[in-house]
Structure formats: structure tokens, C-alpha cells
Amino acid sequence: MSGPTPELPIVVLDALMPTTQRLVINRRGSTVWEVQSHRGHFAVKLGYPIEATAEWPAQPWTALAPAREGAVLHRLGLDEIAYGEWEHGTWNFQPWHDGPDLHKLWEPCRKQGSSIKASTSVALGCVEALADLHVRGWAHGDVQPAHFIVGPERTHLIDLALARGGQVPQGYDFPFRGCLVHYEAPEIARSVLDTGEAEPTQEADIYALGASLLVSATGWRAVEYPDDAPRPVQREAVANGRRRPVKVPGELGDLVEAMLSHAPGDRPTIYEVGKALI
Ligand SMILES: Nc1ncnc2c1ncn2[C@@H]1O[C@H](COP(=O)(O)OP(=O)(O)OP(=O)(O)O)[C@@H](O)[C@H]1O
Ligand SMILES: [Mg+2]
């Protein structure tokens, strides 16, 4: 679908009766609003297919992502969520979480000459959010700095559209084709290059968390490749494990290095990461 920003579907308007609504993002395949209503404070997500252009192939799965995420949140026992279909795809609503994301919060650490160190307690909040998922036997599949919302009481890990660990309705399911390459573990990148698909795992989430902490704290990606390299070239660099010689300064440094280990079995579990931070 292309053209103007889609509007909130009637079913969502009926269910939430918004008092205010704010468009948060509107990009290829996905639109998100922040909605206030007498029922509470919500994020509403709308998905639609990405049509093929000269630069990228069609991506019909983006239409299914909100319903798939809704089904995952449901399985995880979250209240106050709903999902369904609209004209061009699927939608969900879920509780809104206030706060900056990890990348935004650590902006001061990335300023040149900054003496501000990445805070261990913020890192621990991210670890706890991911541990919540791992302890239930799920893998997130799309861990990245923008998906950690650092709230006043706790940190939330959002965007569960690609998570694996339990049944989701077949009609809303789709294969995992990798995530943002900067946060992709080498074995995921290799599998996507070889087969076009991969299996999200908890070990790959740990790598992605390490890469998220590194990028947010230093501004440097874990692996070296040119900014404008095509995705397969980026994935080849990741799969070959061409680590940049860059470390998070301070206490988090060695832990993040271990999380970025090339072999999945060499990475600490989320419980080990948590223990190291307490
Ligand atoms: N529950 C929520 N609480 C607060 N903000 C949210 C929530 N869900 C989504 N957002 C905001 O909307 C943005 C996009 O949401 P999300 O990542 O879930 O959608 P997406 O379509 O999968 O985007 P992307 O392709 O970047 O992963 C988030 O980065 C965040 O700013
Ligand atoms: Mg996202």
C-alpha cells in the first residue's frame, strides 16, 4: 500500500474511543499511534504489505506482523491487548509504555569526549526485560536499542512480532527472515544468506543485546562494514565475525564482549548476564 497515512480502523475506534491520538511512526509497512482513551493509554499498530520497488522485493508479511504480535502478547498473558484484521492487513493495540528508548537515553554517552559512562542499572533493566521473555521459553528475535523503553519503574521490551516460543495462529504466522543486520548474530546472518530464513534463539537475543548496548553506549556497530553496503554484504561481514576493535568503556565492557562471542555456546545466558550486573 502506498499513499496517505492510513487512518485508525473503525473497530479500533469503536473499541478504544480515543480522546487524543498522535501518529508515532508511519513507514513502509507499519503505522503506530499513541492513543489516550477512557480505557487507558495505548499503542496502536497497523500493518500492511510492502509492495515491490526497484530497490526492494515485496514484503507481504508486514501486513501480518501486528496480529502475530498480538497473538504472542496474548500467549504471554498480557491484558489490555487486542488484535484483528483491517482492509489492508492486521492491527493490534497494547499498553503504551512511557520513556525514552535505550539509544536515546544513552545519547550523552556517545558525545565526543563525554565522560558519562553507560549506566549498569539501565543495562540491568534491559537484561531483566529480556529475561522475562527467556524464562518463559521465548526468544524475541528482534532485539535492538529502539525496542527497549526505559520507563520510570521498569524497562519494557517491545515489538514481539518476530518472537518464537509458542503457538501462534497459522494464518498470522510467517517465517523469520532476519532482523536489523547491526544486531543480527553471526549464525542468523549465515542462515539468512544460505536459506533466506533463520530460527530466532535466546543465544541470538544475547548477541543482539550485546550489540544494542555497544551501539547505544559508543555509537559504533559491533561489526565493520560500510554504511551503504547492501544487506547481503553486511550479513557476510557479520557471519564472518569481523568484529570492530571497540569496547563499552567501564564495567560493562567485558560482559558485552562475552555477549558478542561468535559461537552461540560461548555467550552467557541472560541469567548469567543478570548475575554479573547485580
Ligand atoms: N507499547 C509501546 N509503548 C510505547 N511506544 C511504542 C510501543 N509500541 C511501539 N511504540 C513506538 O513505536 C515505534 C515502532 O514500534 P514497533 O517497533 O513495535 O513497530 P515496527 O513496525 O515493528 O517498527 P520497526 O520496523 O522499526 O521494528 C517504537 O520504536 C516506539 O517508539
Ligand atoms: Mg520495531
**Asked** Is region 102-277 rounded, prolate or oblate when judged by the Cα gyration tensor, a ≥ b ≥ c being the square roots of its eigenvalues, rounded requiring a/c under 1.5 and prolate requiring a/b larger than b/c?
**Response** oblate
**Message:** I'd like the accessible area for Lys247: 1.4 Å probe, protein heavy atoms, all chains in place, Å² to the nearest 10.
**Reply:** 100
**Message:** Under 4 °C and 1.567 mPa s, how fast does region 68-179 diffuse according to Stokes-Einstein, given a Kirkwood radius computed over C-alpha pairs? Answer in µm²/s, whole number.
**Reply:** 83
**Fill in**
Taking every alpha carbon pair in region 137-185 and sorting the distances into 5 angstrom bins from 0 up to the bin holding the longest one, the percent per bin comes out as 5, 18, 25, 23, 16, 10, 3, 0
**Item:** Size of charge dipole - region 1-129 - debye, nearest 20, with Cβ of Lys, Arg +1 and Asp, Glu -1, no other charges
**Value:** 500
**Asked** Using θ = phi - 60° and the Karplus curve 6.51 cos²θ - 1.76 cosθ + 1.60, what whole-Hz ³J(HN,Hα) does each residue of region 226-235 get, with Gly and Pro shown as x?
**Response** x, 3, 9, 5, x, 3, x, 5, 4, 5
**Given charges at beta-carbon only (K, R positive; D, E negative), |dipole| of the chain in Debye** = 540
**Request:** Could you tell me which of rounded, prolate or oblate describes region 221-278, using a ≥ b ≥ c as the square roots of the eigenvalues of the alpha-carbon gyration tensor, with rounded for a/c under 1.5 and, failing that, prolate when a/b is larger than b/c and oblate otherwise?
**Result:** prolate
**Item:** Sorted peptide list for 234-243, 16-25, criterion being average Cβ within 10 angstrom, highest first
**Value:** 234-243, 16-25
**Asked** Based on the alpha-carbon gyration tensor of region 19-76 and its eigenvalue square roots a ≥ b ≥ c, which shape applies: rounded if a/c is under 1.5, prolate if not and a/b is larger than b/c, or oblate?
**Response** oblate
**Asked** Given just the C-alpha atoms of region 1-148, how large is their convex hull per residue in cubic angstrom?
**Response** 151
**Message:** As a quick test, which of the pairs Lys45/Lys111; Lys45/Lys117; Lys45/Lys104; Lys45/Lys247 have an alpha carbon distance above 24 angstrom in this structure?
**Reply:** Lys45/Lys111; Lys45/Lys117; Lys45/Lys247
**Request:** Please list, in chain and number order, the residues 5+ apart from Trp96 or on another chain whose amide H is under 5 Å from its amide H, with Hs placed from the backbone.
**Result:** His41, Phe42, Ala43
**Request:** Please build a GNM for the chain, connecting alpha carbons under 10 Å apart, and tell me which residue among Leu105, Leu46, Leu162 fluctuates the most.
**Result:** Leu105
**Asked** How many angstrom lie between the C-alpha centres of region 121-174 and region 19-66?
**Response** 18
**Asked** For the peptides 260-267, 82-89, what is the packing order when you average, over each peptide's residues, the other Cβ atoms within 10 Å and list the highest mean first?
**Response** 82-89, 260-267
**Item:** the chain: calculated mean residue ellipticity at 222 nm from DSSP helix runs of at least 4, using -39500 (n - 2.57)
**Value:** -9500 deg cm²/dmol
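The values are calculated or read from the model by the stated rules, or taken from the named source; none is laboratory data. Predicted model, so just to flag it, every value in this text is computed and none were measured. Please note: Cβ atoms are built from the backbone with ideal geometry, for glycine as well, and neighbour counts cover all protein chains shown. To get the accessible areas, we keep the full protein, side chains included, count just its heavy atoms, and leave off ligands, DNA and RNA. Shrake-Rupley method; radii C 1.70, N 1.55, O 1.52, S 1.80 Å.
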